[in-house]
Amino acid sequence: MDSALFVLNEDLLLRILSFITHDSDRKAFRLVCKAFLRVDSFHRTHLRILRPEFITTLFSKFPRIYSLDLSVCPQIDDGAVSMLVGYGLPDWSRRLRRLVLSRTTGLKAAGLEMLMKSCPVLESIDVSYCWGFGDREAAALSFGGSLRDVKLDRCLGITDVGLAKIAIGCQCLEKLSLMWCIEITDLGIDFLSKKCTQLKQLDISYLKVTSVSLHSISSMEKLELLAMVGCGIVDNEGLHYLGKGCPSLQALDVSRCDRLSSSALAFLINGHPSMLQVYASHCFHEFPTKVIQGLKDLKNLKKLILDGAPVSESFFKIINFNCKYLVEIGLGKCKGVTDKGILQLVSGGVNLNILNLTCCSELTDNAISAIADTCRSVLCLKLECCNLLTEKSLYHLGLHCSLLEELDLTDCFGVNDTGEAQAIVLLFLLSYLFCHHSDQGLYYLSKCTKLICLKLGLCTNITDKGLCCVARNCSEIRELDLYRCQGIGDDGLYALSSGCKRMQKLNLSYCSEVTDRGMECLGHLPELSDLEMRSLLNVTGTGLTALATGCKRLAELDVKDCASIDDSGFMALAYYSRNLQQINLSHCAISDVGLCMVMGNLTRLQDAKLVNLYNVSTNGFEVALRASCVRLKKVKLIASLRLHLTPDIVKTLKARGCRIRWD
């Protein structure tokens, strides 16, 4: 073994490592020997840290780190930053180029300024969802003169003044996201457009800006992407400004802009025939032929999202004949989507990879068969609420779509065990009805290696038999939605635990047949990080203990209405599930002691829903909240508790940046 590894020099090992993308595989690589560990240490460029005191040690072990994520570190505040930075420039900060501080609500202007001054080559920073951030924090960001990418989503306190400071201090900006920064107005956007002339991507979604802002934005000669979702005050005049300006514009998102008309979009398209991406979901109540004709100019269009818009046969013809490079189309909830339209869309050589046909209720097997026959490189297909589909659709998907990675069949009640075993939609396992136990069926089965995400919520006809087919043949599946699939029980979960070792996200809510044995099976899924299991009344503390013991990576857990789980299960959760960041305990039978253990021991917990905990007293809530107030960023409590908690604990939570939702 040693001699075989000896011939692999570092260059070869680095090349091998570049092909390993999955975390568990990288961990296995590191554990082979010291040489492999050394190569991995040299190759790694990104760190996600849970405790700030380890930053210096980790950066010394990984000399090529330039990206740092502190978003899951609950202890980041001004004091922690002061200790990290100290005096002068520490080695780790001198080479840092990307920093993620999303949801670090304990960090304020002083700490942020220290970080900016200590990271001279920092190019990208993410402070999204830091609700308390305002103009003082924006002023601190302005010390990052080398910044090219800034994300400020939901920094609710930033106004035009703060934006102006960033624009003056960070004139090299190329990407800026201001989504939900609702205090920013036309004045701030105008100043930004004059100072940050290098901007290539700008997101002003949900801002209360008018067409005056678009007039300012139209002067940005290098702007390539503009997102303005939910800008309800912007009217047609704004799109006319964009149509005459922004010569480099390639992608535009005007979704949910209620005051825009399709004719204004046509004018903009006429001015930008090289547009590559157009997003206009839930925006237009009409889509006349004259406007559709304008799509002819978009010869290089790659993405077209028109969810909720009315479409006609002429629309599909124009797309078919002119948009030969189209790879993604979104027609969710669009009126007028029929089999004939889909046949026209895919018959002219358009090789679509992603199709969203959610709630296109007129579609039948003929449409899906046409997609499967012609778009054989399709990766994602969303068919939620397409209730006319039968096993024939699944047969053709299994037969032709060997690359399919994501399939959404939520609320398609035509899906049953026969159809699921037929292709299990991508399982490519044809049912015995079609295969007759032939080798051809095994051939289809062997092609099911690409499936990653499968959504079967509300498909009430499927049972453990169908789920066993999925588990047996889709070993790469990482996300599975079985919401209200009441035919699913312990046998199905046993099959999942044996065949789908890479499962990361699972929804079992209201699968009433699941018991403690099923939870014990899930304990054998080492990578499970997100589990929703509402109202599993047959699961007790024993089942939750088995789950917590085995699933050490569990980060999000929803046990709402699991009334049979007692404190023994929650104690185990508090002891074993140290990576938990979000939990929903509403309507559970947890007691004062159990709640205090959970909230006190789970040192990475940031989001907790604690509604209607009838066995927990006011004092129990008080102690639990005090034990976790340093790290909590969001908590949901019953409204009546507001009158009984001491003002001090509420004040402390808010001072730490925690958002309290009173239900």
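The values are calculated or read from the model by the stated rules, or taken from the named source; none is laboratory data. Being a predicted model, the structure only gives us computed values, none of them experimental. Here Cβ is always computed from backbone atoms with ideal geometry, including for glycine, and neighbour counts include all displayed protein chains. Only protein heavy atoms, including side chains, enter the accessible area calculation; ligands, DNA and RNA are left aside. Shrake-Rupley method; radii C 1.70, N 1.55, O 1.52, S 1.80 Å.
Here are the numbers for this structure:
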{"quantity": "Long-range neighbours under 7 Å by Cβ, at least six apart or interchain, first residue over 16 Å from residue 358 (Cβ atoms) and crowded, with 21+ Cβ neighbours inside 10 Å within the stretch 334-346, second among the small types (Gly, Ala, Ser) and at pLDDT below 95", "calculated": "346/370"}
{"quantity": "The one condition in (1) at negative phi; (2) not in a helix (DSSP H, G or I) that residue 84 fails to fulfil", "calculated": "(2)"}
{"quantity": "When residues of the stretch 375-410 are limited to those that are of a type in the set (Asp, Glu) and closer than 20 Å to residue 475 by Cα, the one surrounded by the fewest Cβ atoms within 10 Å (Cβ to Cβ)", "calculated": "406"}
{"quantity": "Filter pass, residue 642 being open to solvent by 10 Å² or more (accessible area, probe 1.4 Å) and under 30 Å from the mean Cα position of the chain (by Cα)", "calculated": "no"}
{"quantity": "Residue, farthest from residue 608 (Cα to Cα), within the stretch 629-639, restricted to residues that are open to solvent by 20 Å² or more (accessible area, probe 1.4 Å) and not hydrophobic (A, V, I, L, M, F, W, C)", "calculated": "631"}
{"quantity": "The lone exception for residue 560 - which of (1) surrounded by 24 or more Cβ atoms within 10 Å (Cβ to Cβ); (2) at pLDDT 95 or above; (3) not acidic (Asp, Glu) it fails", "calculated": "(1)"}
{"quantity": "Looking only at the stretch 118-171, and only at residues there that are assigned to a loop (DSSP other than H, G, I, E, B) and hydroxyl-bearing (Ser, Thr, Tyr), the one that is surrounded by the most Cβ atoms within 10 Å (Cβ to Cβ)", "calculated": "129"}
{"quantity": "Residue in the stretch 302-325 that is surrounded by the most Cβ atoms within 10 Å (Cβ to Cβ), counting only those that are within 24 Å of the chain's Cα centre (by Cα) and closer than 19 Å to residue 363 by Cβ", "calculated": "306"}
{"quantity": "The stretch 623-663, residues that are touching a residue at least 12 places away in the same chain (Cβ under 8 Å) and of a type in the set (D, E, K, R)", "calculated": "626, 631, 633, 634, 636, 642, 656, 659, 661, 663"}
{"quantity": "Complete set of residues in the stretch 623-663 that are in a loop (DSSP other than H, G, I, E, B), in contact with a helix residue (DSSP H, G or I) (Cβ under 7 Å, 6 or more places away or on another chain) and not aliphatic (A, V, I, L, M)", "calculated": "629, 644, 646, 663"}
{"quantity": "One residue from 254, 212 being more than 29 Å from the chain's Cα centre (by Cα) and either surrounded by fewer than 19 Cβ atoms within 10 Å (Cβ to Cβ) or at negative phi (or both)", "calculated": "212"}
{"quantity": "Residue that is modelled with the lowest pLDDT, among those in the stretch 1-27 that are more than 15 Å from residue 42 (Cα to Cα) and over 26 Å from the mean Cα position of the chain (by Cα)", "calculated": "1"}
{"quantity": "Every pair of residues 6+ apart whose Cβ atoms lie under 7 Å, when the first sits in the stretch 348-376 and is more than 18 Å from residue 302 (Cα to Cα) while the second is part of a helix (DSSP H, G or I) and among the hydroxyl-bearing types (Ser, Thr, Tyr)", "calculated": "365/393; 368/393; 369/393"}
{"quantity": "Pick from the stretch 222-237, criterion over 17 Å from residue 194 (Cα atoms) and acidic (Asp, Glu), ranking: farthest from the chain's Cα centre (by Cα)", "calculated": "237"}
{"quantity": "Flag if residue 187 is at pLDDT 95 or above, buried (at least 22 other Cβ atoms within 10 Å of the Cβ) and not charged (D, E, K, R)", "calculated": "no"}
{"quantity": "Complete set of residues in the stretch 62-115 that are closer than 25 Å to residue 131 by Cα, within 29 Å of the chain's Cα centre (by Cα) and β-branched (Val, Ile, Thr)", "calculated": "72, 76, 81, 100, 104, 105"}
{"quantity": "Residue match in the stretch 281-290 (condition: farther than 27 Å from residue 366 by Cβ, of a type in the set (Lys, Arg) and touching a residue at least 24 places away in the same chain (Cβ under 8 Å))", "calculated": "yes"}
{"quantity": "Residues that are in contact with a strand residue (DSSP E or B) (Cβ under 9 Å, 6 or more places away or on another chain), open to solvent by 10 Å² or more (accessible area, probe 1.4 Å) and not hydroxyl-bearing (Ser, Thr, Tyr), drawn from the stretch 273-294", "calculated": "276, 277"}
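Here's the yes/no breakdown for (1) open to solvent by 20 Å² or more (accessible area, probe 1.4 Å); (2) more than 29 Å from residue 198 (Cα to Cα):
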site: 63; (1), (2): yes, yes
site: 72; (1), (2): no, yes
site: 75; (1), (2): yes, yes
site: 85; (1), (2): no, yes
site: 93; (1), (2): no, no
site: 97; (1), (2): yes, no
site: 116; (1), (2): no, no
